[in-house]
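Visitor: Quick one: structure below, then a few questions.
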Amino acid sequence: MSVIDSALVQIKQLQPYSPGKPIEELERELGIDNVIKLASNENPLGCSPRAREVLERASEHIELYPDANAYYLKQALARKLGVGENQITIGNGSNDVLDLVARSFLDRDAEAIFSQYAFMVYAMVTQACGATARVADASRETPYGHDLDAMHGLISDATRIIFIANPNNPTGTWLDAGELKNFLERVPDHIAIVIDEAYFEYVDDDQYPDALRWLVRFPNLIVTRTFSKIYGLAGLRIGYSVSSPELCDLFNRVRQPFNGNSLGLAAARAALDDDDFVERSRLCNQQGLRSMRQWFDRRGIEYLPSAGNFLTVRFGDASAHLYQALLERGVIVRPIANYDMPHFLRISAGTEAQLARMFEVLGEVL
């Protein structure tokens with residue numbers, strides 16, 4: 001018997017998260033340069049100039065531990081969002097917060113509910129806790145989207161958490177305010193409901209809900225957001241949740257000390273107030289999505305409706321070949337066969353120049 005045999009069964013059975021290929025790795029492997037990455041839904045404009053300005057000052061004392069309570073960032077978030085500082089939990093990216101929620105509620109006797117084609121981390125944190133995943137089939141009305149009736153039908157005495165991504169990754173589909181609020185009203189109060197709003201700032205739809213407005217009405221609600229997407233701070237790993245003070249207290253009991261680094265906390269605080277950069281990023285994304293839709297429409301290529309900063313495009317049996325062919329020509333997109341969607345590629349909305357290059361290369365390959 002080896003030490004590996006002594007490890008928890010659910011951990012040995014976990015499939016590690018597969019990130020998009022880094023630009024540097026691809027350039028080294030293929031001996032090419034000028035690679036563009038449209039695989040990980042990063043902000044193609046970079047990050048806020050205000051964030052860049054504070055990073056040098058913040059790096060002067062990296063020999064010191066960061067502020068374990070993220071005092072100044074919580075203050076800024078509380079003002080911006082109209083919530084209490086005691087409702088905010090900071091994480092090493094919003095993935096970290098999702099893990100905190102899972103570890104607060106799940107064990108081998110518990111169940112978590114999420115949708116087919118939902119963000120992979122929900123399954124990972126559920127399995128890591130030894131809990132049972134109950135997966136609802138995707139909606140027939142909105143293919144590859146959440147079927148809230150099906151999710152509600154899976155609730156049992158063992159249900160402890162329901163995860164909902166809105167908009168969803170990797171599909172881009174979303175739920176409107178009416179249907180989501182109706183679902184929250186039907187869920188028993190003892191079940192934690194996580195609304196993952198990582199792409200919240202990108203949505204351009206009057207019917208899309210700001211779930212923070214429902215926190216007073218639903219004390220079992222947890223809303224997660226991130227600085228990795230529109231704020232362009234993916235490399236600094238800062239995310240957060242907003243919940244009731246009581247839930248926040250629970251998460252802080254299992255949260256690792258210093259889980260937000262000094263540079264990330266400072267940059268996030270500065271970026272939060274840069275409304276001009278956020279608006280430029282939003283407009284760039286809208287233009288990028290528009291260009292992609294028009295290009296694929298002209299060629300009769302199907303894609304899923306998306307409220308995020310990416311399109312999920314159906315290429316059928318050619319998807320794996322197209323991914324590799326694009327990769328060899330210096331364009332990185334995201335295969336999503338690991339989401340049981342082998343006939344699709346997910347393509348992030350880049351700048352006009354990046355998309356022009358992608359269209360040129362993709363046109364040649366097709």
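Read the figures in this text as sums done on the coordinates, not as results from a lab. Computed from a predicted structure; not experimentally measured. No Cβ is skipped: glycine too gets one built from the backbone with ideal geometry, and neighbour counts run over all protein chains shown.
Visitor: With +1 on the Cβ of every Lys and Arg and -1 on the Cβ of every Asp and Glu, and nothing else charged, how large is the dipole of the chain about its Cα centre, in debye rounded to the nearest 20? It would help to have the intermediate numbers written out before the result.
Guide: On the way: 36 positive and 49 negative charges, 24 e Å.
Result for the chain is approximately 120 debye, rounded to the nearest 20.
Visitor: State the volume of the convex hull built on the alpha-carbon positions of segment 88-140, expressed per residue in Å³ and rounded to an integer.
Guide: Numbers: hull volume 4.3 nm³, N = 53.
Spelled out: Cα convex hull of segment 88-140, divided by residues, is 81 Å³.
Visitor: A further question follows. Given contacts defined as C-alpha pairs under 8 Å and at least six residues apart, what's the relative contact order of the chain, whole-number percent?
Guide: Worked out over the chain, it gives 23 percent.
Visitor: Return the FRET efficiency for the residue pair ASP205, LEU45: r is the Cβ-Cβ distance, R0 is 30 Å, and the value is rounded to the nearest 0.05. Each step should come with its number before you reach the end.
Guide: Numbers: r = 22 Å, r/R0 = 0.73.
For R0 = 30 Å, the calculated efficiency reads 0.85.
Visitor: To the nearest Å, what is the center-to-center distance of segment 192-243 and segment 45-77, using C-alpha atoms only?
Guide: Using only Cα atoms to place each centre, the spacing works out to 21 Å.
Visitor: Antiparallel DSSP bridges in the chain: what percent, to the nearest 5? Could you put the intermediate results ahead of the total?
Guide: On the way: 16 of 35 bridges.
That works out to approximately 45 percent antiparallel.
Visitor: While we're here: Within 10 Å of each residue's Cβ, count the other Cβ atoms and sort SER262, SER156 from fewest upward. Intermediate values should be presented prior to the final figure.
Guide: Working: SER262 19, SER156 10.
Least to most surrounded, the residues fall as SER156, SER262.
Visitor: How many times 2.2 N^0.38 Å is the alpha carbon radius of gyration of segment 60-273? Before the final figure, lay out the partial values.
Guide: Working: Rg = 16.6 Å, N = 214, 2.2 N^0.38 = 16.9 Å.
Cα-based Rg divided by the globular estimate yields 0.98.
Visitor: Something else: Is segment 185-243 rounded, prolate or oblate when judged by the Cα gyration tensor, a ≥ b ≥ c being the square roots of its eigenvalues, rounded requiring a/c under 1.5 and prolate requiring a/b larger than b/c?
Guide: Details: a/c = 3.14, a/b = 1.61, b/c = 1.95.
The shape class here is oblate.
Visitor: Now a separate question. The chain: percent of C-alpha pairs farther apart than 31 Å? If you can, show how the numbers build up before the last one.
Guide: Details: 24391 of 66795 pairs.
Value for the chain: 37 percent of Cα pairs lie more than 31 Å apart.
Visitor: Given only helices, namely DSSP H runs of n ≥ 4 each adding -39500 (n - 2.57), what is the per-residue ellipticity at 222 nm of the chain, to the nearest 500 deg cm²/dmol?
Guide: Working: 13 runs with 139 residues, N = 366.
Computed ellipticity for the chain at 222 nm equals -11500 deg cm²/dmol.
Visitor: Could I ask something else about it? Hey, rough spin-label estimate for ASP189 and ASN252, points 7 angstrom out along Cα→Cβ, what's it come to in nanometres?
Guide: Placing both labels 7 Å beyond Cα along the Cβ direction yields 2.4 nm.
Visitor: Another question, if that's okay. If r is the Cβ-Cβ distance from THR142 to ILE32 and R0 is 51 Å, what FRET efficiency results, to the nearest 0.05?
Guide: On the way: r = 39 Å, r/R0 = 0.77.
In this case the efficiency is close to 0.85.
Visitor: Structure shown: which of LYS80/LYS181; LYS12/LYS74; LYS37/LYS74 lie over 26 Å apart, alpha-carbon to alpha-carbon? Before the final figure, lay out each step's value.
Guide: Details: LYS80/LYS181 23 Å; LYS12/LYS74 37 Å; LYS37/LYS74 32 Å.
Long pairs (Cα-Cα over 26 Å): LYS12/LYS74; LYS37/LYS74.
Visitor: What distance in nm lies between label points placed 7 Å from Cα along the C-beta direction at ALA78 and GLN13?
Guide: Here the answer is 4.3 nm between the modelled labels.
Visitor: Find how much the distance from ILE23 to SER59 grows on full extension, using 0.36 nm per residue of separation minus their present alpha carbon separation; answer in nm with one decimal.
Guide: On the way: separation 36, 0.36 × 36 = 12.96 nm, distance 2.52 nm.
Here the answer is 10.4 nm.
Visitor: While we're on this one: Which one of MET151, PHE218, LEU247 has its Cα pushed farthest toward the positive end of the charge dipole of segment 149-280, where Lys and Arg give +1 and Asp and Glu give -1 at the Cβ?
Guide: LEU247
Visitor: So between HIS321 and GLU302, what do we pick up on full extension, going 0.36 nm a residue minus the alpha carbon distance? Write out the running numbers ahead of the final one.
Guide: On the way: separation 19, 0.36 × 19 = 6.84 nm, distance 1.73 nm.
Here the segment from HIS321 to GLU302 would lengthen by 5.1 nm.
Visitor: So in segment 60-273, what percent of DSSP beta bridges are antiparallel if you round to the nearest 5?
Guide: On the way: 8 of 25 bridges.
Approximately 30 percent, going by the DSSP bridge assignments.
Visitor: Would you mind getting me the FRET efficiency between ARG282 and GLU360? Use the beta-carbon distance for r and R0 = 25 Å, nearest 0.05. Walk me through the numbers before you get to the answer.
Guide: Details: r = 26 Å, r/R0 = 1.04.
It comes to 0.45.
Visitor: Let me ask another. How big is segment 1-147 by the Kirkwood estimate over distinct Cα pairs, in Å? If you can, show how the numbers build up before the last one.
Guide: On the way: mean 1/r = 0.0505 Å⁻¹.
The Cα-based Kirkwood calculation yields 19.8 Å.
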